[in-house]
Amino acid sequence: MDRLNNPARLMIVSDLDHTMVDHHDSENLSLLRFNALWEANYRHDSLLVFSTGRSPTLYKQLRKEKPMLTPDITIMSVGTEITYGNSMVPDNGWVQFLNQKWDKNIVMEETRKFPELKLQSETEQRPHKVSFYVDKDKARDVMRALSEQLEKRGLDVKIIYSGGMDLDILPQGAGKGQALAYLLKKFKAEGKLPNNTLVCGDSGNDAELFSIPDVYGVMVSNAQEELLQWHAENAKNNPKIIHATERCASGIIQAIGQFSLGPNTSPRDLKCSSECKMEDTNPGHEIVKFYLFYERWRRAEVENSDQSLEKLKAVCYPSGVFIHPSGVERPLHDCISAMKNCYGNKRKGLRVWVDRVSSAQISSDTWLVKFDKWELSGEEWQCCRTTVILRSRAASLSDGFTWMHVHQTWLEGSGAKNQTNWLF
Ligand code: GLC
Ligand code: MG
């Protein structure tokens, strides 16, 4: 919450499965496009919020399977659990609020009387969420009868049907929409209401997000029937909500463009860095651009020319050094020369992305930039916490940066300790 001193320029609140994450895109291209756009243009002044139906257990599992960024805020278990930052500090005020008119034991007792309901796995049963599977054709009737039953027992609950199979029971005050309203209220009290908010979703439990006043919304092209139907019945005339023509994260990028919420060209969509617009140049952009070249070089997607390496050398300070995670130091220029030997060495399947880019201006022309650099190759994931000192080459930022110093350490638990090459 406190990472930004000013109101966020843009706050994106996105569902994960089939919205941010496309489970039919084994290459994760749309997610990687979004990641590059976010770290290059938004991370420094905007907020990323993930809002998922998954419990913390399944959310953490997804993060190990897909190249996802670290959000500023994570809303899990269908808006019943809110945590902040990389260390996921829980919002206890939200927990207390949800305790009102909620008794999980009564919910368990009543739902047992419905043979149509099949309990989901233990990990998905949470303090303020009880979840089942139910067939599509039975969902409506079961929901009606169940809600009558629970009302009779004095409970005020919300029953949500998603993905044509999942049925969640939550306290009435919970849900993705209520959790977002709670956050907006908190931001407002601090004088930090985001300038724009964009909500993104594909299924039933996302519908509430679209009914929060003043937000922009995108239903991705692959949205489920139940969300489209909700939209047709409740929000058809709201010009701030679109049904994208593109799937998942690409649909989110499409909405950023359509609503003019800020830059909407992912660095991954540009063939070479010279296509970048001047106004996009900031330390985050420089880092994203560099690692994109590095990925393309190792995948042999750029031309194998000495000239390219010379160009890279030209942006490195002649006496700058690279400190390898092993602790050994080497001149930056030597590291660039060593790249010659790794052209195309990960032709198949290497992906490189950066996460959590943050920069601090430490003098009139110098920035200290920190980020996580991830490499995914086959089944192997590697992450280095990286610190770079960048110096702007002229008075104006748009003239680009000189890389003065690079220092990497292995991120705890990310393995690959025996890697000895000199790559970045
Ligand atoms: C996720 C959760 C599940 C929930 C569903 C719909 O898949 O794991 O428990 O029912 O989202 O909200
Ligand atoms: Mg979804």
Within segment 399-418, of all residues that are at pLDDT below 60 and in contact with a strand residue (DSSP E or B) (Cβ under 9 Å, 6 or more places away or on another chain), the one surrounded by the fewest Cβ atoms within 10 Å (Cβ to Cβ) is 417
Restricting attention to strands (runs of 3 or more DSSP E) lying wholly within segment 119-204, give those where 2 or more residues are within 21 Å of the chain's Cα centre (by Cα).
196-201
Suppose we filter segment 21-51 for residues that are within 24 Å of residue 293 (Cβ to Cβ), open to solvent by less than 10 Å² (accessible area, probe 1.4 Å) and out of contact with any helix residue (DSSP H, G or I) (no Cβ under 7 Å at 6 or more places or on another chain); how many remain?
3
For residue 193, are the conditions met, namely being away from ligand 1 (no atom under 11 Å from the Cβ), of a type in the set (A, V, I, L, M) and surrounded by 21 or more Cβ atoms within 10 Å (Cβ to Cβ)?
no
Members of segment 32-55 found to be within 16 Å of ligand 1 (Cβ to nearest atom) and within 22 Å of residue 2 (Cβ to Cβ), listed by number:
50, 51
Residue by residue through segment 160-180, note down the ones that are away from ligand 2 (no atom under 16 Å from the Cβ) and surrounded by fewer than 19 Cβ atoms within 10 Å (Cβ to Cβ).
172
Looking at segment 27-60 only, could you name the residues that are of a type in the set (Ser, Thr, Tyr) and within 16 Å of ligand 2 (Cβ to nearest atom)?
30, 51, 52, 55, 59
Tell me, which helices (runs of 4 or more DSSP H) wholly within segment 282-381 include 2 or more residues that are surrounded by fewer than 18 Cβ atoms within 10 Å (Cβ to Cβ) and hydroxyl-bearing (Ser, Thr, Tyr)?
none
If you check every pair at least six apart or on different chains, which have Cβ atoms under 7 Å apart with a residue in segment 1-19 that is under 13 Å from residue 180 (Cα atoms) first and a residue that is of a type in the set (Ser, Thr, Tyr) second?
11/46; 11/197; 13/51; 13/197; 14/51; 15/51; 15/52
Meets criteria (in contact (Cβ under 8 Å) with a residue 60 or more places away in the chain, open to solvent by less than 10 Å² (accessible area, probe 1.4 Å) and not in a loop (DSSP other than H, G, I, E, B)) for residue 249:
yes
Take the residues in segment 189-217 that are among the hydroxyl-bearing types (Ser, Thr, Tyr) and more than 16 Å from ligand 2 (Cβ to nearest atom), then tell me which one is nearest to residue 42 (Cα to Cα).
197
Those residues of segment 52-85 which are in contact with a helix residue (DSSP H, G or I) (Cβ under 7 Å, 6 or more places away or on another chain), open to solvent by 20 Å² or more (accessible area, probe 1.4 Å) and among the polar types (S, T, N, Q), in sequence order:
57
Condition check: free of Cβ contacts under 8 Å to residues at least 24 places away in the same chain and away from ligand 2 (no atom under 16 Å from the Cβ). Does residue 148 satisfy that?
yes
Need pairs with beta-carbon distance below 7 Å; first residue without any contact (Cβ under 8 Å) to a residue 24 or more places away in the chain and within segment 151-164, second within 14 Å of ligand 1 (Cβ to nearest atom) and aliphatic (A, V, I, L, M); sequence gap 6+ or separate chains.
158/170; 158/174; 159/143; 159/167; 159/169
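Give me the residue from segment 5-20 that is surrounded by fewer than 23 Cβ atoms within 10 Å (Cβ to Cβ) and at pLDDT 95 or above and, out of that set, nearest to residue 175 (Cα to Cα).
The first filter runs over segment 5-20 and keeps only residues surrounded by fewer than 23 Cβ atoms within 10 Å (Cβ to Cβ), leaving 5-10, 17-18.
Then drop every residue that is not at pLDDT 95 or above, which leaves 6-10, 17-18.
Values: 6: 27, 7: 24, 8: 23, 9: 25, 10: 22, 17: 16, 18: 18 Å.
Among those that are surrounded by fewer than 23 Cβ atoms within 10 Å (Cβ to Cβ) and at pLDDT 95 or above, it is 17.
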Filtered residue count, segment 89-122, keeping only those that are open to solvent by 70 Å² or more (accessible area, probe 1.4 Å) and closer than 15 Å to residue 133 by Cα:
7
Conditions (1) touching a helix residue (DSSP H, G or I) at 6+ places or on another chain (Cβ under 7 Å); (2) closer than 25 Å to residue 137 by Cα; (3) within 15 Å of ligand 1 (Cβ to nearest atom) -> residue 221 fails only (3)
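Restricting attention to segment 130-156, report how many residues are open to solvent by less than 20 Å² (accessible area, probe 1.4 Å) and either within 16 Å of ligand 1 (Cβ to nearest atom) or within 17 Å of residue 51 (Cβ to Cβ) (or both).
Going through segment 130-156 one residue at a time, the tally reaches 7.
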For segment 349-370, give me the residue count where each residue is more than 14 Å from residue 393 (Cα to Cα) and out of contact with any Pro (no Cβ under 7 Å at 6 or more places or on another chain).
13
Members of segment 241-262 that are over 21 Å from residue 18 (Cα atoms) and out of contact with any helix residue (DSSP H, G or I) (no Cβ under 7 Å at 6 or more places or on another chain)
259, 260, 261
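The values are calculated or read from the model by the stated rules, or taken from the named source; none is laboratory data. All figures in this text were calculated on a predicted structure; none of them were measured in a lab. Methodologically, a virtual Cβ is constructed for each residue, glycine included, from the backbone with ideal geometry; neighbour enumeration extends over all protein chains shown. The protein model used for the area step is the full one, side chains on, heavy atoms only, and it has no ligands, DNA or RNA in it. Shrake-Rupley method; radii C 1.70, N 1.55, O 1.52, S 1.80 Å.
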